[in-house]
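Here is the structure we will look at, set down as structure tokens.
The values are calculated or read from the model by the stated rules, or taken from the named source; none is laboratory data. Treat the numbers as computed from the prediction; the structure is a model and nothing was measured. Reconstructed Cβ throughout: ideal geometry from the backbone, glycine too, with neighbour counts over all protein chains shown. Just so you know, the surface numbers come from the protein's heavy atoms only, side chains and all, with ligands and any DNA or RNA stripped out. Shrake-Rupley method; radii C 1.70, N 1.55, O 1.52, S 1.80 Å.
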Amino acid sequence: MIERLSELAAAALGDLDAARTEKDVEDARVRYLGRKSEIATISKGLGALSDDERKALGKALNEFKATVTARLDEARTRVLAGAASASVGPDLTLPGRAPWVGRKHPITRTLDRLEEILLGLGFEVAVGPEVEDEFHNFEALNIPPDHPARDMWDTFYVDGGSLLRTHTSPVQIRVMQSTKPPVRIIAPGRVYRNENPDASHGSEFYQLEGLYVDRDVRLAELRGVLTRFLKELLGDDVGIRFRPGFFPFTEPSIEVDVRCSICGGSGCSVCKGTGWVELVGAGMVDPRVFRAVGYDPDAVSGYAFGLGVDRVCMMLTGTDDIRLFLENDLRFLRGV
Amino acid sequence: MKVSLAWLRDYVDFDMDAVELARRLTERLTETVPVRPAGADATGVVVAKIVTVDRHPDADSLSVCVVDWGSGSASVVCGAPNARAGLVTGLALPGAVIAGGRAIGEQTIRGRRSFGMLVSAAELGVSDDAAGIIELDPSSSLGEDIRSALALTADAVDVEVQPNRPDCTGIVGVAREVAAMTRSPLREPRVDLLESGTPASALTGVEILDPAGCPRYIARVIAGVKVGPSPAWLAERLESVGQRPINNVVDATNFAMLELGHPVHAFDFEALEGRRIVVRRASAGEELVTLDGVTRKLGPSQLVIADAAHPVALAGVMGGAGSEVTEGTTTVLLECACFDPVIVRRGARGVGLRTEASWRFERGVDTAAMDRVAARVCGLIASIAGGQVAPGAVDVGPGLPAPSPVTLRMSSVRRLLGDGVSTSDAAGHLAALGFGVAPDADALRVSVPSFRRDIELEADLVEEVTRSHGYENVASAVPFRGLDERYEKRDARVAQVRGAMVGLGFYEALTSSFTSPAVLERVGADPAAAPTLSNPINRDAPLLRPTAVPGLLDVVRTNWNVGEKDVRVFEIAKVFSRQGTATAEAWSLAGAMTGRAGRPAWDGQSRSTDFFDGKGALWALGEALGVDSLGMRCYDGRPLFDRAEGAVLSAGGREIGHLGMISRGVLDAWDLEQPVFVFELSLDELARGCRLVGKHERLPRYPKVRRDVALILDDGTPAAGVLDVVGGHGEALLQSVEVFDLYRGSQLPAGKKSLGLSLTYMSRERTLTDAEVDEAHGRVVNRLLKELGASLRK
């Protein structure tokens, strides 16, 4: 009986190796393992045997089933993969098996890049709350109540008197209040403006702020650091323009423009025909800011800069609508 | 340079052992290490007593000793002739390491087991004595480490003398540093000199033909010396720093060199032709047999000490054999000279020699102290070898000009050290080092002692003050960064969590911070707990979100609208809450999963995402972050979740969030059809259990053994209950358990299920035998059967 099992096994394996279609495989299964197979008949006869015989035959039957079942699975996978026979092998042109993948949000990836460059330049990341108070968001930054400068920031107020920070600059204030100079920090994070969103303005977006305060910090260093930063970010051949600006918390204040990457400077709708895109606001820290945090303006000087992360992300990815960032359409998240 | 502590204590008192002294000198002078005495590296050798000695039955030269080391006894095979009952000696136990790094084990010698080895002094490494096993004081305590029994502790330090510090080539120079740092007085060596007889100037003469090569030369004469062995104290001093004693006169010169850092040389006066000294360049072809017996060919680049006819020494390097002080010497001419460092260095190299003398002359000697050095040696020789010191010296050459004074401005000190060092601090540091200090407004006028020719500029003094102040006391500042950096920094673990979620196949989403009361009510959150905007831009979203879940449901909805039905997204979101009238904010990790559980593939069925995909993802996140205490409690009641499929998550026993299938009502509210699973956790709580870098645990060296069991259980028995029974009995060999199968169906009685468990057993000490594993596994299985009323599935 055991000899018969080996013969059957040899036949089954031969048939399975020769199988070309799913039906071939299924036929072989029915033939060798099915309810009406010879194996089934042999199994039914077990009861009539002596203990020793039954044990030996039972073991052989189990081995047979294991061997044939394993080869059956192989053959099924192979014919599903479209391979004609064992000697030809599977169709390697079928797609690979992969788990689901994920990615960081493009804003996160942009922040990562900005931080990587600035950390390399010696800055350290500081953070602060999104729900702020008047002092940190405005007064310490030389923006008194009822000053016309307040119009530059439409603000969300939270019941109870706090507000949603309109920029990351309050982190500067918190850092200087808690730390003696020198400080050299960047502060990334979400900020809020009470404006109706459109393609180029969000009411919730991201900023990154930089601050360096030390003895004898000169404007030249601000220029040097921003130039280096922008070249690393956008390439060595990026056009950079420094021009006067106004922020209550810097004196002098500077706007930094980069050459429009869409039109290359000849003027287009993105750059409103100027050939330049405003990217960074900067300047030397106003002595009144130093006084507000208890620094001696005669002993230290410093610079600060800030930029819109969404704006940089749009520039890097070619995205034309800032609102896409909070929509999280997977096609967008996958694509950029 | 080796400095023995006992010798150093001749000049300064200090309360430090060799290890501490080495540490302090390293901190303020130069790298210094304690010198470990011979034998101090042996480990595992203990004091043991021989109880009985029997002849080895199969080897005449060996004996079998029973030894007792207090905490045990065993027999040891020994070949030493002095092995005898009652002897207290050293036993290297199995595992010991003796001289030469030799490891001792338990071994069989000629058929007899030997538990380690009895050691000789040579085997221990303390001396060359290999004649027999070491014999210790019988009162030594058995079992004590032999190193402490022999007092093998460091009694010297090795000072790495820097090239700019010739003063530290003498032990007195090191003592001066020790005195300065401990602010104790320095006792300079006493000069006891009785002069008598004919003045030196009447006995000999010195002529310097190369004044640049030899700025100063002092010769003194001592007559009637008795050359012989040095007294014990002198021989011990020399041996304590690794010098071999030769005879009393030579030893006295070597002692003075080691003490003062200035090499001196003794000539046999009678052997000097013309009884006089000429310092000159060697002529081409001249030869000198040096003390080491080698004939040296000399040339004009080399400076020699000559007598009236021939070179008698290679200046600053080595004396000649012909004028060596021997037993027959009665009159000694003592040379104390200064030679140009470059000439000495080249001369030494030219003949391939590097001597104690050349090493010191290359660094430069103190010409101002030469008469004291000469007098010190003469006094020593007279006291230990007898003889009369001829009055006076022949002293030729002006020596080197005194070092110039240097002004130290305190502003320079402050620029480097800040305000931590006052003018009087600086003056104190410098005075202790032997500098003359006079305050001058906000500066110090510093006169430099002749032994500190390395001090030339203000910066050199700043360095002296700095090292005296202590580098460990200099404020630490990172350029361009805050000194105290007390501001809030970003938690690095947030980036870790983000990276792990991306790795688990989730897209990062960023959603709005604003929400509405209606939305919050829909997901079962209390709108009253959410901070309210007084001037919302959108009247429908006037609240700051207390949860990120609605935002992610919006993301699922948005994607369904565009045909993206397989969605796995997460957000690391600020969530807000009311704290009285104030507003608090915290980081939250939220996720949503829906659609197919895996990417569609050509050979598989695509299963739909279920609860266990969410649970698995979070447990995988925990594993990726090193959070190993995640737990879960099944519950219902939160309207966000389906009654049967919602759970509370915990870490380290604290509630950190929840996970579940969105309830029908919430699905309808977002107009979603297929099951959506969401989770939200407090990132701060999760981060608390997160290890960025964990502690290494020694990897197991022994194989794991797997045993499976299939149980038939009541369908209502939770898997967690089964796992509790498996893990709850402290089965020491059980490493882990996995659920590999769950079956319900026709092969089982109604109301029953089968659960397949795979248990892994392992020992950290040994390879387990089948019997051990079977026994442990049997215990586990029996408990399962008994406590759960389970049966085995055949």
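Just a few scattered comments:
- Among the conditions (1) open to solvent by 30 Å² or more (accessible area, probe 1.4 Å); (2) at the interface with chain B (Cβ under 7 Å from one of its Cβ atoms), the only one that residue A:231 does not satisfy is (2).
- Single residue of the range B:564-596 satisfying the filter (open to solvent by 50 Å² or more (accessible area, probe 1.4 Å) and assigned to a loop (DSSP other than H, G, I, E, B)) that is nearest to the other protein chains (Cβ to nearest Cβ): B:581
- Candidate set: the range B:92-141, residues that are closer than 14 Å to residue B:41 by Cβ and charged (D, E, K, R); chosen: the one least open to solvent (accessible area, probe 1.4 Å): B:123
- Given (1) at pLDDT 95 or above; (2) assigned to a loop (DSSP other than H, G, I, E, B), number of the condition residue B:190 does not satisfy: (1)
- Flag for residue B:299 being outside any helix (DSSP H, G or I), open to solvent by less than 30 Å² (accessible area, probe 1.4 Å), in contact with a Lys or Arg (Cβ under 8 Å, 6 or more places away or on another chain) and modelled with pLDDT under 95: no
- Listed by first and then second residue, the pairs with beta-carbon distance under 6 Å, at least 6 apart or on different chains, first residue in the range A:286-298 and open to solvent by less than 20 Å² (accessible area, probe 1.4 Å), second among the charged types (D, E, K, R), are A:286/A:251.
- Candidates B:599, B:688, B:607, B:643 - the one that is touching a Phe, Trp or Tyr at 6+ places or on another chain (Cβ under 9 Å) and modelled with pLDDT under 90: B:599
- Counted residues, the range B:179-197 - those being over 44 Å from the mean Cα position of the chain (by Cα), surrounded by 13 or more Cβ atoms within 10 Å (Cβ to Cβ) and not aliphatic (A, V, I, L, M): 2
- Those helices (runs of 4 or more DSSP H) lying entirely in the range A:1-98 with at least 1 residues surrounded by 15 or more Cβ atoms within 10 Å (Cβ to Cβ) and among the aromatic types (Phe, Trp, Tyr): A:22-33, A:51-80
- Checking the stated criteria, residue A:174 turns out to be in contact (Cβ under 8 Å) with a residue 40 or more places away in the chain and buried (at least 20 other Cβ atoms within 10 Å of the Cβ).
- Residues that are in a loop (DSSP other than H, G, I, E, B), open to solvent by less than 20 Å² (accessible area, probe 1.4 Å) and hydroxyl-bearing (Ser, Thr, Tyr) within the range B:198-230 comprise just one, B:204.
- In the range A:311-336, the residue that is farthest from the other protein chains (Cβ to nearest Cβ) out of those that are on the phi < 0 side of the Ramachandran plot and open to solvent by less than 10 Å² (accessible area, probe 1.4 Å) is A:312.
- Residues that are closer than 23 Å to residue A:316 by Cβ and open to solvent by 40 Å² or more (accessible area, probe 1.4 Å), drawn from the range A:200-222: A:200, A:201
- Residue within the range B:503-518 that is under 15 Å from residue B:586 (Cα atoms), in contact with a Leu (Cβ under 7 Å, 6 or more places away or on another chain), open to solvent by 30 Å² or more (accessible area, probe 1.4 Å) and more than 10 Å from chain A (Cβ to nearest Cβ) present: no
- When each of B:649, B:667 is tested for being surrounded by 14 or more Cβ atoms within 10 Å (Cβ to Cβ), part of a strand (DSSP E or B) and of a type in the set (A, V, I, L, M), the lone residue that passes is B:649.
- Of the set (1) under 30 Å from residue A:296 (Cβ atoms); (2) touching a Lys or Arg at 6+ places or on another chain (Cβ under 9 Å); (3) outside any loop (DSSP other than H, G, I, E, B); (4) open to solvent by less than 40 Å² (accessible area, probe 1.4 Å), all apply to residue A:166 but (3).
- Candidates A:238, A:225: the one that is among the hydrophobic types (A, V, I, L, M, F, W, C) and either over 31 Å from the mean Cα position of the chain (by Cα) or surrounded by fewer than 16 Cβ atoms within 10 Å (Cβ to Cβ) (or both) is A:238.
- Filter result (farther than 30 Å from residue B:2 by Cβ and not in a helix (DSSP H, G or I)) within the range B:251-276: B:272, B:276
- Residues (touching a Lys or Arg at 6+ places or on another chain (Cβ under 6 Å), within 14 Å of chain A (Cβ to nearest Cβ) and not polar (S, T, N, Q)) located in the range B:597-637: B:597, B:601
- Listed by first and then second residue, the pairs with beta-carbon distance under 9 Å, at least 6 apart or on different chains, first residue in the range A:135-161 and within 14 Å of chain B (Cβ to nearest Cβ), second small (Gly, Ala, Ser) and crowded, with 20+ Cβ neighbours inside 10 Å, are A:136/A:128; A:136/A:169; A:137/A:169; A:154/A:203; A:156/A:203.
- Selection from the range A:104-123 of residues that are in contact with an Asp or Glu (Cβ under 7 Å, 6 or more places away or on another chain) and within 9 Å of chain B (Cβ to nearest Cβ): A:104, A:105, A:107, A:108
- Subset of the range B:348-379 that is aliphatic (A, V, I, L, M) and in a loop (DSSP other than H, G, I, E, B) - its residue that is surrounded by the most Cβ atoms within 10 Å (Cβ to Cβ): B:365
- Scanning the range B:520-543 for residues that are open to solvent by less than 30 Å² (accessible area, probe 1.4 Å) and more than 7 Å from every other protein chain (Cβ to nearest Cβ) gives B:520, B:523, B:525, B:527, B:530, B:541, B:542, B:543.
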